[in-house]
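J.: Below is the structure I would like to discuss, written out as structure tokens.
What follows is calculated from the coordinates using simple rules that are stated; it is not laboratory data. Please read all numbers here as calculations on a predicted model, not as lab measurements. Cβ sites come from the backbone with ideal geometry, for glycine too, and all protein chains shown count toward neighbours.
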Amino acid sequence: MSDGKISLFTKADLDMKTYINKVLLPYLALSMILFIFTAVFTRLLGLSMALAGLMYAIPLILLIYAAAYPYIKADSKKISINSRIPYFITYFAVLSTSEMGRADLVKVLANDPKLGAIATELRKVYIIVHKLHRSLPEAFRFLARRTPSKVFSDFLDRLAYSLDSGVDLKEYLFQEQQTVMDDYQTFYEGALYDLDVFKEIYESIIISVVFMASFIIIGPIITGQDIGKLALYTLAMVLAAEVGVFLVIKLRMPDDPIWAENRGIVTERDKKLRRALQISLLGIVIMALIYYTLLRKWFDIPEPFVVALILSPLYYVGRMAGKEEESIFRKDENFGAFIRSMSSSLAASGSSLVLVLKYLSAHDFGSLTEDIRALYRRLAMRVDRERAWDFFIAGTGSWLIGIFSEIFREAIRMGAEPDYVGLVISRNFERLVRLRRKRQQSMGSFVGIIYGLTAAFAFSLAASFQVADSINTLFGQLNIPTEYIGDIIHVIPPAGMSFVMYIMLTIMIIHSLLSALSIKTADGGSLYVSLRYFVILLWIFAAGMYIGIVLMKKMMGMGSGQEATQLLTILLKSL
């Protein structure tokens, strides 16, 4: 099996024929159709160059995606492998103490869905060993050359060498834990560093968008262009920038969710969040009715505050989800001690897991205590052991507890040594918890940057709008014949200014929503919690717009508008 030069398609699990038939040709055909449609559409309607350029950009983006598809798939696979490497090395190590043969051990790992892309890779090893009748070290070396993850590739090379040298697998994997977890920590901290660098890029992107949006708002007064079209360009520009930021964060951050996956079990936490969501949605309807029936008649509330006020009930469900997320973090802090105690008791007493849990349920493990007691009661009933563990995982709500609990359960069921299992799991689990603390610290500064940029974005946008509105109002009051004005002054009709305000409110919602989603995507939390950030950002944006409008009104000297009008009239008549 000569390695040769491994292509990107091999590392991405993509053959050339499939890529051409299912990706390249369909996207190429779709791009050509869209290009022809855009050419005909723009010619018939006589669209401006800017709008035509935006439409031509769609087929171009599709072509770029088709060309970059192998790179995107290989990179996604690499991140998936690197994100699951701690669970793989933990599972591999604890299973090595069982009575299974090495080939059977690889088969078990290859069929485990929680290992994701690593399981897919190990299935290749199993096929090479059982179908091609090659040795396990040779299969590991073969895979090491064809995986996109350097962390996984280095591990496979070291493992192949150790197997050839006759090193005991159990002892080797116990020592290898530190090396692999160090590599994973480097990968994880590298992703956090990328996030810190991206903060600077994000600031630059928003500043550029603010500059362009401010020019587009003021531009029609100088150039006489259609302000409606320019406002739509502004919306498209903001949307593209915000979606781009969200996708970069989603694709580059490690796959490390906080909440456990759905196991078909409705917990009290799920019911609580469902009720909170219903209350929040009902609150939006009630708040809208209160405003349109009462508040609008008594108070002149600016439009941005109206939007923020009506959507404020969403903060309730976001706050409830945030409390549940904090509870999950506290349970994660106690799980390492629990798994160590349970493993030590199993190894020392030789009793069954049920009896050990009975003993441990009398001890205090913080917020995890009630979940442990519920696990003991379900296991003591001897109805369905696997389902009992599923209820335990769903009750904790933690992804980390869920995956490490499954590793512990499967390892004990297959006859692994309990004390070794507990030591490896608790050590790796606590290391991941420490990495998560670093991630939360990094996210704190990221949230602060988003808050500050949101206020600055709103202020600049509103200030530009108020400058345009003030100048437009001033020019609109000039009682001068058109032949004196010519192309010097372009008055925007009131409907145009109202349309710009609606576009700004749409930008306010889009920016707040996508920024909130970016925050929770970056920290791996629940999207329910993003609703809390969404409401906070709405109020920050509304306050920034209000301050920008008020300050610009004072700076533009709206009180002396009559004198300014007279002065401009004299100057224009003298031309």
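J.: Only counting other Cβ atoms within 10 Å, I'd like MET504, MET414 sorted with the fewest neighbours first.
T.: Lowest to highest Cβ neighbour count: MET414, MET504.
J.: Restricting to Cα pairs below 8 Å that are 6+ residues apart, what does the relative contact order work out to for the chain? Please round to a whole percent.
T.: 19 percent
J.: Another question about this same structure. Of the options VAL354, ALA411, VAL421, report the single residue whose Cα projects farthest towards the positive end of the charge dipole of the range 333-430 (beta-carbon charges: Lys, Arg +1; Asp, Glu -1).
T.: So the residue furthest toward the plus end is VAL354.
J.: Could you tell me which GluC sites (Glu not before Pro) in the range 73-182 are loop residues by DSSP with no more than 14 other beta carbons within 10 angstrom of their beta carbon?
T.: Filter output for the range 73-182: GLU99.
J.: Okay, next question. Tell me whether the range 333-430 comes out rounded, prolate or oblate; compute the Cα gyration tensor, take square roots of the eigenvalues as a ≥ b ≥ c, and use a/c under 1.5 as the rounded threshold.
T.: Rounded, since a/c falls under 1.5.
J.: Would you mind working out the magnitude of the charge dipole of the chain relative to its Cα centre, with +1 at each Lys and Arg C-beta and -1 at each Asp and Glu C-beta, to the nearest 20 Debye?
T.: Once rounded to the nearest 20, the dipole reads 1080 debye.
J.: Let me ask something else. About the Cα centre of the range 333-430, what is the dipole size in debye to 20, counting +1 per Lys and Arg Cβ and -1 per Asp and Glu Cβ, all else neutral?
T.: Dipole about the Cα centre, nearest 20: 340 debye.
J.: Once label points are set 7 Å from the Cα along Cα→Cβ at both GLU200 and LYS323, what is their separation, rounded to one decimal in nm?
T.: About 4.1 nm separates the two model spin labels.
J.: Also, quick follow-up: Please sort by residue number the chymotrypsin sites (Phe, Trp or Tyr not before Pro) in the range 276-321 whose DSSP state is loop and whose Cβ has at most 16 other Cβ atoms within 10 Å.
T.: PHE299
J.: Which value, in debye to the nearest 20, gives the size of the charge dipole of the range 8-167 about its Cα centre, when Lys and Arg are +1 and Asp and Glu are -1 at the Cβ?
T.: 220 debye
J.: Using the Cα centre of the range 8-167 as origin and beta-carbon charges of +1 (Lys, Arg) and -1 (Asp, Glu), tell me which of GLY116, ILE64, VAL40 is placed farthest towards the positive end of the dipole.
T.: Going by the Cα projections, it comes out as VAL40.
J.: What FRET efficiency comes out for TYR161 versus LYS124 if R0 is 25 angstrom and r is the Cβ-Cβ distance? Round to the nearest 0.05.
T.: For R0 = 25 Å, the calculated efficiency reads 0.85.
J.: Dimensions of the range 8-167 along principal axes (Cα, Å, largest first)?
T.: The principal-axis extents, from largest down, are 75, 29, 23 Å.
J.: To the nearest 10 degrees, how steep is helix 494-523 against the longest Cα principal axis of the chain, on a 0 to 90 scale?
T.: Rounded to the nearest ten degrees, it is 20.
J.: Right, another one. In degrees, nearest 10, range 0 to 90: what is the angle between the Cα axis of helix 369-380 and the longest Cα principal axis of the chain?
T.: 50 degrees
J.: Let me ask another. Roughly what angle does helix 399-413 make with the longest principal axis of the chain, taking Cα atoms, 0 to 90 degrees, to the nearest 10?
T.: The helix 399-413 is inclined about 10 degrees to the chain.
J.: Inverting the mean 1/r over all pairs of different Cα atoms, compute the Kirkwood radius of the range 170-260 and quote it in Å.
T.: 16.8 Å
J.: Multiplying the sequence separation of SER135 and ARG296 by 0.36 nm and subtracting their Cα-Cα distance, what value in nm do you get?
T.: 50.1 nm
J.: Rounded to the nearest 500, what is the chain's calculated 222 nm mean residue ellipticity when only DSSP H runs of at least 4 contribute -39500 (n - 2.57) each, over all residues?
T.: -27500 deg cm²/dmol, from helical runs alone.
J.: For the pairs LYS77/LYS170; LYS199/LYS272; LYS22/LYS150; LYS323/LYS358; LYS78/LYS520; LYS77/LYS107, flag any whose C-alpha to C-alpha distance is greater than 24 Å.
T.: From the list (LYS77/LYS170; LYS199/LYS272; LYS22/LYS150; LYS323/LYS358; LYS78/LYS520; LYS77/LYS107), the Cα-Cα distance tops 24 Å for LYS77/LYS170; LYS199/LYS272; LYS22/LYS150; LYS323/LYS358.
J.: Along the charge dipole of the range 355-395, which of HIS363, ALA394, TYR376 sits closest to the positive end, that is, farthest toward it, with unit charges on the beta carbon of Lys, Arg, Asp and Glu (+1, +1, -1, -1)?
T.: Positive-most Cα among the choices belongs to TYR376.
J.: Pull out a ≥ b ≥ c, the square roots of the eigenvalues of the alpha-carbon gyration tensor of the range 241-311, then state rounded if a/c is under 1.5, prolate if not and a/b is larger than b/c, and oblate in the remaining case.
T.: Because a/c hits 1.5 or more and a/b fails to exceed b/c, the range 241-311 counts as oblate.
J.: Would you kindly calculate the translational diffusion coefficient of the chain, applying Stokes-Einstein with the Kirkwood radius from alpha carbon pairs, for 37 °C and a viscosity of 0.692 mPa s, and quote it in µm² s⁻¹ without decimals?
T.: 116 µm²/s
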